[in-house]
1. Between a first residue in the stretch 24-48 that is hydroxyl-bearing (Ser, Thr, Tyr) and outside any loop (DSSP other than H, G, I, E, B) and a second residue that is modelled with pLDDT of 95 or more and open to solvent by 30 Å² or more (accessible area, probe 1.4 Å), which pairs have beta carbons less than 8 Å apart while being 6 or more apart in sequence or on different chains?
2. Can you pull out the residues in the stretch 112-141 that are within 17 Å of residue 37 (Cα to Cα), free of Cβ contacts under 8 Å to residues at least 40 places away in the same chain and not in a helix (DSSP H, G or I)?
3. Working only within the stretch 27-45, note down all residues that are farther than 19 Å from residue 132 by Cβ and open to solvent by less than 80 Å² (accessible area, probe 1.4 Å).
4. Just the residues that are free of Cβ contacts under 8 Å to residues at least 40 places away in the same chain and open to solvent by 40 Å² or more (accessible area, probe 1.4 Å), please, taken from the stretch 49-64.
5. Just name the residue that is least open to solvent (accessible area, probe 1.4 Å) out of those in the stretch 79-110 that are in contact (Cβ under 8 Å) with a residue 24 or more places away in the chain and small (Gly, Ala, Ser).
6. So which of 1, 16, 57 ends up being more than 16 Å from residue 107 (Cα to Cα) and assigned to a loop (DSSP other than H, G, I, E, B)?
7. What single numbered condition from (1) exposed (fewer than 15 other Cβ atoms within 10 Å of the Cβ); (2) in contact (Cβ under 8 Å) with a residue 40 or more places away in the chain; (3) within 24 Å of residue 7 (Cα to Cα); (4) not small (Gly, Ala, Ser) fails to hold for residue 67?
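The values are calculated or read from the model by the stated rules, or taken from the named source; none is laboratory data. If you're wondering where the values come from, they're calculated on a predicted model, not measured in any experiment. Note that we place each Cβ from the backbone using ideal geometry, even for glycine, and neighbour counts take in every protein chain shown. Just the protein is used for accessible areas: all its heavy atoms, side chains included, with ligands, DNA and RNA removed. Shrake-Rupley method; radii C 1.70, N 1.55, O 1.52, S 1.80 Å.
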Amino acid sequence: MGSGYLWIKALHIVFMTSWFAGLFYLPRIFVNLAMVEGPGAERDRLMLMAGKLWRFMQPLMLLAIGLGLWLWLGYGVGAGAGWMHAKLAIVVLLLGYHHACGRLLRRFAAGANTRSHVWFRWFNEVPVLALFAVVVLVVVKPF
């Protein structure tokens, strides 16, 4: 595989890492939003931060997924391997998590959040576990 492959791989890692930064931080903002009582400057600031981060995460997600598909379909990385099937399953779950974050943000914007800060603290751990699993699958290739 030539230098084109290495560039695609490097960009995939950069955009995947950037997307994960958003997946780590947006639910942390939700923790803080769930702790704010009533309207006010703090809530407004957190909502502004969450909205901007959400909009920034969209192209990061699309680029990470697109480049990952390019590696898989264009270069055959992991083709037919069990670890790749497991990784793809986790990526599908992460896409669901990403969109769940969008739904939760819309609920906060509408003033309709019913979840506690403790729930969001647990929700915030999902991408950590997913990242651990994906890295182990890609590096160790256990099956």
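1. Taking only residues 6 or more apart or on different chains, the pairs are 25/53.
2. Scanning the stretch 112-141 gives 112, 114.
3. Passing the criteria: 29, 30, 31, 32, 33, 34, 36, 38, 40, 41, 43.
4. 49, 52, 55, 56, 58, 59, 62
5. Among them, the one singled out is 102.
6. 1
7. Answer for residue 67: the failing condition is (1).
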